[in-house]
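In what follows, a structure is listed as structure tokens, so that the remarks can point back to it.
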Amino acid sequence: MTLPMSQQQPAPLTAGNELPLDRCPHCGIGRPRISLVHATSTSPYGGGQRWWKVYQCSTCGGVVTAESLIENGPVRTIFPQGRTIDESIPDRARRHLREAMDTLSSPSASIVASASAVDAMLKARNYRDGSLYARIDQAAAAHLITSDMALWAHQVRLDANDQRHADEDAPFPEISDAQRCLDFAMALAEILFVLPSRVTRGIQASASSSSSSSSSPSASSSSSPSSSPSASASPSV
């Protein structure tokens, strides 16, 4: 019986002459051609063998390394891993970040998407009035972000304005420019949403662990009065 597509497990990635990734972890281009340029193997001290293959993206020239336990076998690990977007980031900002990642090979589009992600994140923290310029300054004045982060945010905003308004004096952006803007947007998401979410989960886990310990049978028995004969009242004399 054939399972529906939604229930089928994805085929394992195989380290062949090409690495069939959905996106390049460097430039983010979809369906990239990532071709083998070098292969070698190593022998761990405890025995066995590990196969390593080095691939190159034909679009950006970025290098990807894949490890498998047999030659041309299923891939165990890939370096670098593609970026992920934490679920704690609000949906609209998360979508803009994904768009910025997916269009890194088209720097103008990626830069605009990164600036939109910054805008969406500030609005999610209730900085909604005025322009993005004003909201960045409001966030810095309220110490939501540092003054240095505000300067970086303004640079991303200006870079996006150059692309939106087709400034004739502005040079065409490179992938490195788009990556810099995305790096800031991801850093802002980490500070505003991801880290606070981790702290909250850590506090909840700690409280849950403490509650479980205090209600365990061993804890209750150790806190109850001893019922041994030696602890009973001695007869009066």
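The values are calculated or read from the model by the stated rules, or taken from the named source; none is laboratory data. Computed from a predicted structure; not experimentally measured. Because the Cβ atoms are built from the backbone with ideal geometry, glycine has one as well, and the counts that use them run over all protein chains shown. These area figures cover heavy atoms from the full protein model, side chains too; ligands, DNA and RNA do not enter into them. Shrake-Rupley method; radii C 1.70, N 1.55, O 1.52, S 1.80 Å.
Remarks
- Residue ID - nearest to the chain's Cα centre (by Cα), chosen from residues in segment 56-70 that are assigned to a loop (DSSP other than H, G, I, E, B) and either of a type in the set (S, T, N, Q) or within 19 Å of V194 (Cβ to Cβ) (or both): T59
- Within segment 104-128, the set of residues being surrounded by fewer than 19 Cβ atoms within 10 Å (Cβ to Cβ) and assigned to a helix (DSSP H, G or I) comprises S108, A109, K123, A124.
- Pairs where the first residue, in segment 116-129, is closer than 13 Å to M186 by Cα and the second is at pLDDT 95 or above and surrounded by fewer than 16 Cβ atoms within 10 Å (Cβ to Cβ), C-beta under 6 Å, 6+ apart: A120/R92
- If the condition is being modelled with pLDDT of 85 or more, open to solvent by less than 100 Å² (accessible area, probe 1.4 Å) and either of a type in the set (G, A, S) or part of a strand (DSSP E or B) (or both), then segment 71-87 contributes G73, P74, V75, T77, I78.
- Within segment 23-55, tally of residues that are over 25 Å from R180 (Cβ atoms), open to solvent by 40 Å² or more (accessible area, probe 1.4 Å) and either in contact with a Leu (Cβ under 8 Å, 6 or more places away or on another chain) or in a strand (DSSP E or B) (or both): 12
- Of all the residues in segment 156-172, those that are surrounded by 11 or more Cβ atoms within 10 Å (Cβ to Cβ) and either under 12 Å from V112 (Cα atoms) or among the hydrophobic types (A, V, I, L, M, F, W, C) (or both) number 10.
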